[in-house]
Amino acid sequence: MFLIFVLGTKIIVVINYPILDPDAPSRKEPTFREWHHWLVGNIPGGNVAAGDTLSQYIGSGPPPNTGLHRYVYLVYQQPGKLNFDEPRLTNKSDKNRGGFSIAKFAAKYNLGDPICGNFYQAQYDDYVPILYKQLGA
């Protein structure tokens, strides 16, 4: 599920707050809270493909027996084009995804509060083992 918010020609950053998963690995013990699934910035006029991908998209993959996980999409309006210094992450590994802090990221780049967002919930299903194999787990 992807939602694209078009805000004229303003530069925005789309942050999938699981896109980020606040429930990783479980709601009961979220030791990897804010595991981020996707992070794109410098998006001109809602054209995500033209933005700077900091973290390639990884689908939802809750571990078995951990119940529903919340996945949150947030949209921030950037003050202008930014030079991100975060390492670029592929969708072939889960390294450097857990423990992300959207609050620190937003403060670092003066993004202010989100201008909109959405969420969904997902739980373990038949796709998860395929995803884990892709990630080398």
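What follows draws every value from the coordinates through simple rules; no lab data is involved. These numbers were taken from a predicted model, which means no experiment stands behind them. Counting neighbours? That spans all protein chains shown, and the Cβs are built from the backbone with ideal geometry, glycine included.
Take the Cα of Thr90, step 7 Å toward its Cβ, do the same at Ala49, and the gap between the two points is 2.2 nm. Listed values for the range 38-43 are Karplus-derived 3J(HN,Hα) couplings in whole Hz (6.51 cos²θ - 1.76 cosθ + 1.60, θ = phi - 60°), namely 6, 8, 10, x, 6, 8, and x replaces Gly and Pro.
With the helix formula -39500 (n - 2.57) applied to DSSP H stretches of n ≥ 4, the chain reaches a computed 222 nm mean residue ellipticity of -2500 deg cm²/dmol. Scanning residues 5 or more positions from Leu89 or on other chains, those with amide H under 5 Å from its amide H are Ser55, Gln56, with H placed 1.01 Å from N in the peptide plane. Counting neighbouring Cβ atoms within 10 Å and putting the fewest first, the residues Tyr57, Tyr124, Tyr73 line up as Tyr57, Tyr124, Tyr73. Applying the Karplus relation 6.51 cos²θ - 1.76 cosθ + 1.60 with θ = phi - 60° to the range 22-28 yields 3J(HN,Hα) values of x, 10, 7, x, 7, 4, 5 Hz, where x marks Gly and Pro. A Stokes-Einstein calculation at 25 °C with viscosity 0.890 mPa s, built on the Kirkwood radius of the chain over Cα pairs, returns a diffusion coefficient of 162 µm²/s.
Each label point was placed 7 Å from the Cα along the Cα-to-Cβ direction; for Asp113 and Leu82 their separation is 1.8 nm. Using a cut-off of under 12 Å, list every residue of the range 31-63 whose amide N is near the label point 7 Å from the Cα of Leu131 along the Cα-to-beta-carbon line. Counting backbone N atoms under 12 Å from the label point, the list is 35-38, 57-63.
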